[in-house]
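I have placed the structure first, in the form of structure tokens, so that the comments after it can refer back to it.
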Amino acid sequence: MSTTTKTYQPRLKALYLNDATPKLKEELKLANAHQVPRLHKLVVTVGLGKGKDDKKLFEVATNTLAKITGQQPVQTIARKSIAAFKLREGNPIGLQVTLRGDRMYEFLDRLITVVLPRLRDFHGIPTKSFDQQGNYSLGMTDQSVFPELTFDEITTAHGLEITLVIDAKDPSHSRSLLTALGMPFEKGKKE
């Protein structure tokens, strides 16, 4: 009496496993499939340094991150006291969500197919936002482009940053991975 249940797999994860991995292995001339660059995690952060005393702004940002990621955010606190910024050690200064596995692929799929095309005057994401390890960071000045949010939830605007942590040899391998996943980079600009 064996029952076979079909498990759900995100569209972007299936694309990576079935199409992108063999293509990247051949394109990058890698010896085996374990050397192919892969997404390790995705981190979404909101810095609220200016509004550190405003509890309403923290509530709005917490609600925003919870709705767009499907996960409850964690408060980030200041590690040092900086008098010029009126910041004390231990003060909450932002929020952070770390996504892994299926939630990471679902969020990235929504980001690529729904959110980025909704940006005003969007001509592609910049290619210069890779760090030396091959991780990619993307900043957004407004959260209103996410379809999960209602009009009442976007009246208090705040930005957010999305960091894609990628296991790769160098930034060119990371860029190849993101291109294979459908990330819309700026046309005509070289790395």
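Tabulated results
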| quantity | calculated |
| --- | --- |
| Centre separation in Å (Cα based) which lies between the stretch 114-191 and the stretch 9-49 | 15 Å |
| Lys, Arg +1 and Asp, Glu -1 on Cβ, resulting dipole of the stretch 22-86 about Cα centre, debye, nearest 20 | 160 debye |
| Given charges at beta-carbon only (K, R positive; D, E negative), |dipole| of the chain in Debye | 320 debye |
| Residue with peak Gaussian network fluctuation, the chain [Cα springs, cutoff 10 Å], from Arg175, Arg88, Arg118 | Arg88 |
| Principal-axis tilt of helix 101-110 within the chain, Cα atoms, nearest 10 degrees | 80 degrees |
| Residue among Phe130, Phe58, Phe151 with the largest mean-square fluctuation in a Gaussian network model of the chain, springs linking Cα atoms under 10 Å | Phe151 |
| Highest-fluctuation residue, Lys86, Lys56, Lys128 considered, GNM on the chain with Cα pairs under 10 Å | Lys86 |
| Degrees between helix 171-180 axis and first principal axis of the chain (Cα, 0 to 90, nearest 10) | 80 degrees |
| For the stretch 65-160, convex hull of alpha carbons as volume per residue, Å³ | 162 Å³ |
| Computed over the chain, Kirkwood Rh from alpha-carbon pairs, angstrom | 18.4 Å |
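Just so you know, all these numbers are worked out from the coordinates, no wet-lab data involved. Model, not experiment: these values are computed from the prediction. Positions of Cβ are generated from backbone atoms using ideal geometry, with glycine treated the same way; all protein chains shown enter the neighbour counts.
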